[in-house]
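The values are calculated or read from the model by the stated rules, or taken from the named source; none is laboratory data. The model shown is predicted, which means the values in this text are computed figures rather than measured ones. Cβ coordinates were reconstructed from backbone atoms using ideal geometry, including for glycine residues, and neighbour counts include every protein chain displayed.
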Amino acid sequence: MNDFRYHPEIAKLGAAHLFTPDLEKSLWFFHDVIGLEITARTENKVYLRAAMEREHHSLVLEAGDRPRLDHVSWRVKRPDDLEGFHEILTGNGNKVSLEAPNAEDGIGESLRFQMPTGHKFRLYYDVEKPSVAEADRSVLLNQSYRSWNRGIGVRRIDHVNLWTTHEPEVQHQWLSDNLGFKLREYVQAPHGRVGGWMSVTPLVHDVAVMKAGPKEATPARLHHVAFWLDNASDVLRAADILVEAGIVPDQGPGKHGVSQAVFLYVRDPGSGHRVEIFSNGYLIFDPDWQPVEWGMDKIKTALTMWGPTDYVPHADDNVMNTTTEA
């Protein structure tokens, strides 16, 4: 039998690490309203995860002088994949640092590097899985926390949407060449690609990289972090909870053409970071899937099949064109 070596693979999106100028207000939003559970806290950081999640955290909130995405974490499929990705990344000319296990955030040995845009990534395999307090534990053995334990009660982190002043098509190729992401859908304009949705899982996207507007102050931007709910009815319930909490959504509910998912966008009042409440959509199992191209004549349908259809990226001062630093 041949000695076969696996190509390194990313298993899933792990976490987003966000800086916020008002930690307590952001914690109220993500814990009490969005419904994430606290797993650990220090003087200036809070670690949170969703109802179905077992890993240490899927979101980190850290006190800072301005709203900023510090980095996005990805879990690899096998321990040896860290070495494999280190070889690929450095071989392609990327600067990579090896980080020792971190007792505070529950992450084992990890790799840190950044995209050409400046967006920072972290790869890991080993991770702590803290137990759940009896009072919060679900009766379901396959679920960590009780259903609807608090707030909207999101189920898991779903994806991140990154914007850049660089050309998106180049970044899509970088993600494919270095990390194995597959392009699933994209919007093409005569002057170039507007954005694309990519994944390493059957989801339509674990990450999207889109063209930022000309007025952005820095080349690396965060448009939103998305959390998953089970169905469209849950998204409607989420809209009620947000309004009752005194928060006006940015956009939605509606349905995307890309991904066919039901959406609701809202910003954290403590930081201005945007969250997408996300559900439904389709899964991709075909190994030979061909990326779906949407032209500019179809961009409104691509972004919103039904619901608020007035938004086109960078066409006006629509609130959905706002981003935070990354």
(message) Looking at THR20, THR90 in this structure, which one is polar (S, T, N, Q), more than 23 Å from THR201 (Cβ to Cβ) and touching a helix residue (DSSP H, G or I) at 6+ places or on another chain (Cβ under 6 Å)?
(response) THR20
(message) Just the residues that are touching a strand residue (DSSP E or B) at 6+ places or on another chain (Cβ under 7 Å) and either polar (S, T, N, Q) or in a strand (DSSP E or B) (or both), please, taken from the range 161-174.
(response) ASN161, LEU162, TRP163, THR164, GLN171
(request) Please state which one of THR42, THR90 is more than 21 Å from the chain's Cα centre (by Cα), touching a residue at least 24 places away in the same chain (Cβ under 8 Å) and surrounded by fewer than 16 Cβ atoms within 10 Å (Cβ to Cβ). (result) THR42
(request) Tally the residues that are touching a Ser or Thr at 6+ places or on another chain (Cβ under 9 Å) and more than 30 Å from LYS77 (Cβ to Cβ), restricting the search to the range 195-232. (result) 8
(message) Let me spell it out: the conditions are (1) among the aliphatic types (A, V, I, L, M); (2) over 29 Å from GLY106 (Cβ atoms); (3) buried (at least 16 other Cβ atoms within 10 Å of the Cβ), and ILE152 meets all of them except one. Which number is the exception?
(response) (2)
(request) Quickly run through the range 279-309 and pick out the residues that are under 19 Å from HIS172 (Cα atoms) and without any contact (Cβ under 8 Å) to a residue 40 or more places away in the chain. (result) PRO287, ASP288, GLN290
(message) Within the range 117-145, take every residue that is loosely packed, with under 15 Cβ neighbours inside 10 Å and of a type outside the set (Gly, Ala, Ser) and give me the one that is nearest to HIS56 (Cα to Cα).
(response) LYS129
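To keep it simple, each residue is scored yes or no on (1) under 20 Å from TRP197 (Cβ atoms); (2) surrounded by 16 or more Cβ atoms within 10 Å (Cβ to Cβ); (3) over 19 Å from the mean Cα position of the chain (by Cα).
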position	(1), (2), (3)
ALA217	no, no, yes
HIS224	yes, yes, no
LEU229	yes, yes, no
VAL243	no, no, yes
VAL258	yes, yes, no
ILE284	yes, no, no
ASP288	yes, no, yes
ILE299	yes, yes, yes
ALA302	yes, yes, yes
(message) Being over 12 Å from THR39 (Cα atoms) and of a type in the set (Asp, Glu) is the filter here; which residues of the range 49-72 pass it?
(response) GLU62, ASP65, ASP70
(message) Test of understanding: among ASP136, ASP158, ASP177, which residue is touching a strand residue (DSSP E or B) at 6+ places or on another chain (Cβ under 6 Å), among the charged types (D, E, K, R) and more than 27 Å from THR324 (Cβ to Cβ)?
(response) ASP136
(message) Can you go through GLU293, GLU276 and tell me which one is assigned by TED's automatic domain parsing to the domain that holds ASN161, among the charged types (D, E, K, R), out of contact with any Cys (no Cβ under 6 Å at 6 or more places or on another chain) and crowded, with 20+ Cβ neighbours inside 10 Å?
(response) GLU276
(message) Between a residue in the range 149-172 that is under 22 Å from GLU55 (Cβ atoms) and any residue that is of a type in the set (Val, Ile, Thr) and assigned to a loop (DSSP other than H, G, I, E, B), which pairs come within a Cβ distance under 8 Å, given they are 6 or more apart or on different chains?
(response) GLY151/ILE34; ILE152/ILE34; VAL154/ILE34; LEU162/THR117
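Residue-by-condition table, conditions (1) of a type in the set (Asp, Glu); (2) at pLDDT below 95; (3) within 20 Å of LEU18 (Cα to Cα); (4) within 20 Å of the chain's Cα centre (by Cα):
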| residue | (1), (2), (3), (4) |
| --- | --- |
| ARG112 | no, no, yes, yes |
| TYR125 | no, no, no, yes |
| ALA135 | no, yes, no, no |
| PRO168 | no, no, no, yes |
| GLN173 | no, no, no, yes |
| ASN178 | no, no, no, yes |
(message) Can you pull out every residue in the range 167-181 that is surrounded by fewer than 18 Cβ atoms within 10 Å (Cβ to Cβ) and out of contact with any Gly (no Cβ under 9 Å at 6 or more places or on another chain)?
(response) VAL170, GLN173, SER176, ASP177, GLY180
(message) Only one of VAL312, VAL262 is under 18 Å from GLY196 (Cβ atoms), free of Cβ contacts under 8 Å to residues at least 40 places away in the same chain and buried (at least 16 other Cβ atoms within 10 Å of the Cβ). Can you tell me which?
(response) VAL312
